[in-house]
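Presented below is the structure to which this report refers.
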Amino acid sequence: MPPTALQCKECGSRYGLDARYVCEQCFGPLEVAYEAPQADAAELRRKIQAGSSGIWRYADFLPFSERPKDPLEPGLTPLVKADQLAERLGIGELWIKNDAANPTHSFKDRVVAVAAAKAQELGFETLACASTGNLANAVAAHAAARGLESYVFVPADLEEQKLLATGVYGTRLVGIRGNYDDVNRLCTQLCEERPWAFVNVNLRPYYAEGSKTLAYETVEQLGWTLPDRVVVPIASGSLFTKIGRGFTEWLELGLVEGELPTFNGAQAEGCSPVATAYQEGWEVCKPQRPDTIAKSLAIGNPADGPYALELARRTGGTIEAVTDDEIRAAIRLLAETTGIFTETAGGVTIATLAKLAERGDIDPSERVVAYITGEGLKTLDATRDGFVMHEIDPTVEALDAEFATATSAVAAH
Ligand SMILES: *Cc1c(COP(=O)(O)O)cnc(C)c1O
Ligand SMILES: [Zn+2]
């Protein structure tokens with residue numbers, strides 16, 4: 001499926017495949033357009049299955065004429081059946097797509113892999129980004145692996161774990177005194193003045209394509225079938241809409257049959273411009289000032305908000321908001337029932353799933369996929385005070401005294 005142009009999502013104007021992201025006619029966002037593939041569904045499927053064990057097995061659906069080199073190869077993360085969690089929530093069939101199992105432990109490796117490959121193809125020597133945390137990790141790592149220079153811009157008050165997991169790659173880490181929307185404004189300005197590839201500004205149309213691979217993997221891992229419902233966290237709304245795009249492309253190409261799943265979006269109450277617009281029946285989002293522990297989702301002015309709203313409404317879905325306490329509880333619920341430790345964004349997703357189940361929105365016959373997009377070790381503060389450590393002297397007696405019930409089990413032996 002060779003890429004043919006960058007096309008305006010609003011007016012359809014077409015541009016060359018270079019580093020640009022806004023339409024000169026109407027200021028709408030640009031998206032990669034593709035030519036219909038020559039191969040039929042069986043041939044496409046065969047090529048995928050013979051491909052690499054990462055996102056590049058889907059190279060035919062990504063914006064390159066030839067499969068680019070990738071030193072990190074993200075993707076093909078586990079899709080695990082979560083029976084204990086399903087039972088706890090009263091859901092018939094539940095799957096967790098664990099995208100924390102990527103090279104820098106979030107789904108951002110997918111989008112950066114695509115943007116970084118495009119940046120190098122276009123001749124850029126410096127990779128950059130405006131980040132809420134995970135993107136910083138991924139840009140710093142992929143730049144290092146490719147031998148590119150990098151600058152990453154983040155709000156200065158980010159979680160310490162995310163700052164450390166970025167700085168280690170030898171990037172130029174810049175903490176901005178302000179929130180993500182301030183960071184993004186500065187980066188948009190820098191984009192005009194510096195010859196840098198900002199993965200989520202001037203390379204955004206390519207970056208966004210990387211998220212489609214989450215939809216492709218889900219279909220493949222479910223034996224070339226679709227889920228009935230997906231629960232996906234929303235920051236800018238790019239991931240949410242591109243998972244929709246991925247399913248739609250494969251439906252149109254006959255790689256999978258059925259209909260588009262119901263799309264439920266997940267936001268934190270402390271930064272919920274898309275959930276608020278959904279509730280109010282608006283078609284666009286009103287910007288908010290973020291205040292939540294889910295910092296990776298803290299975008300107050302989401303670029304793809306209107307498209308996320310459209311997708312949720314078109315598929316009979318919703319966009320929900322959950323509180324910080326619900327996020328903390330959901331992180332523990334997921335860990336205790338699946339062995340998967342997620343960051344606050346995953347807490348937002350699981351809290352939303354719980355809310356939908358509790359409200360009776362999920363039919364027992366449905367097959368549900370929840371997307372876990374990041375790793376718990378990056379937001380350790382969210383788990384503090386959630387449990388006690390039993391501190392004892394190094395003797396059997398001390399252990400028995402601490403857990404009085406353990407004694408009878410030993411005696412019976
Ligand atoms: C960036 C991010 C998202 C979603 O980002 P979008 O801007 O909506 O594409 C979700 N989860 C995590 C952990 C992230 O870092
Ligand atoms: Zn346009």
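Annotation: Cα Rg of segment 324-385 relative to the compact-globule expectation 2.2 N^0.38 Å equals 1.12.
When the Gaussian network model of the chain links Cα atoms closer than 10 Å, the mean-square fluctuations of L239, L309, L148 top out at L148.
For segment 1-136, the residue among G133, P3, P63 whose Cα projects farthest onto the positive side of the dipole built from Cβ charges is G133. Taken along its three principal axes, the alpha carbon spread of segment 261-413 comes to 66, 38, 20 Å, from the longest extent down to the shortest.
Given the C-alpha centroids of segment 68-140 and segment 1-28, what is the distance between them in whole angstrom? Going from one Cα centre to the other spans 25 Å.
Each semi-axis of the equivalent ellipsoid for segment 113-152 is √(5λ) with λ an eigenvalue of the Cα gyration tensor; in descending order they amount to 16, 9, 9 Å. Rounded to the nearest 500, the 222 nm mean residue ellipticity of the chain from helices alone is -11500 deg cm²/dmol, with -39,500 (n - 2.57) taken per DSSP H run of at least 4 residues. The smallest convex shape that holds all Cα atoms of segment 268-330, its convex hull, gives 81 Å³ per residue. Placing unit charges on the Cβ atoms only, positive for Lys and Arg and negative for Asp and Glu, gives segment 289-383 a dipole magnitude near 140 debye about its Cα centre.
Amide H contacts of F198 (H built 1.01 Å from N, in plane; Pro and chain starts excluded): A128, L203 sit under 5 Å, all sequence-distant by 5 or more or on other chains.
Remark: segment 28-35, residue by residue, has Karplus-estimated 3J(HN,Hα) of x, x, 9, 9, 6, 9, 10, 7 Hz, where x stands for each Gly or Pro and the curve is 6.51 cos²θ - 1.76 cosθ + 1.60 at θ = phi - 60°.
Compactness of the chain was expressed as the Cα radius of gyration divided by 2.2 N^0.38 Å, which yields 1.01.
Of G178, G305, G210, which is the most mobile in a GNM of the chain whose springs link Cα atoms less than 10 angstrom apart? In the Gaussian network model the winner is G178. Of all DSSP-defined beta bridges confined to the chain, some 30% are antiparallel rather than parallel. In terms of its Cα atoms, segment 1-88 spans 52, 36, 30 Å along the principal axes, sorted from long to short. Using a Gaussian network model of the chain with C-alpha springs under 10 Å, which one of Q221, Q279, Q25 is most mobile by mean-square fluctuation? Highest fluctuation among the options: Q25.
Take the chain and mark each of the trypsin sites (Lys or Arg not before Pro) that is in a DSSP loop with at most 12 other Cβ atoms within 10 Å; the longest unmarked stretch, sites excluded, is 178-358.
Treating the angle as unsigned and between 0 and 90°, give the value, to the nearest 10°, between the Cα long axis of helix 108-121 and the longest Cα principal axis of the chain. Taking Cα atoms only, the helix is inclined about 30 degrees. Separation of the alpha carbons by more than 27 angstrom is noted, of K9/K47; K81/K242; K162/K242; K9/K108, for K9/K47. Using 0.36 nm per residue and subtracting the Cα-Cα separation, the extra length available between D393 and E121 on full extension is 91.9 nm. The residues of the chain expose, per residue, 43 Å² of accessible area to a 1.4 Å probe. Cross-link reach is defined here as a Cα-Cα straight distance under 14 Å, omitting same-chain residues fewer than 8 places apart; for K212 the aspartates and glutamates meeting it are E31, D60, D99, D109, E220, E249. Take the Cα radius of gyration of segment 57-135 and divide it by 2.2 N^0.38 Å, N being the number of residues; the result is 1.43. Distances between placed amide hydrogens fall under 5 Å for G317 paired with F263, all partners being 5 or more residues away or on another chain. Here the average projected area of the convex hull drawn through the C-alpha atoms of segment 182-337 stands at 10.6 nm².
The values are calculated or read from the model by the stated rules, or taken from the named source; none is laboratory data. It should be emphasised that the depicted structure is a prediction, and the values quoted were computed from it without experimental measurement. Methodologically, a virtual Cβ is constructed for each residue, glycine included, from the backbone with ideal geometry; neighbour enumeration extends over all protein chains shown. With ligands, DNA and RNA removed, areas are computed over all heavy atoms of the protein, side chains included. Shrake-Rupley method; radii C 1.70, N 1.55, O 1.52, S 1.80 Å.
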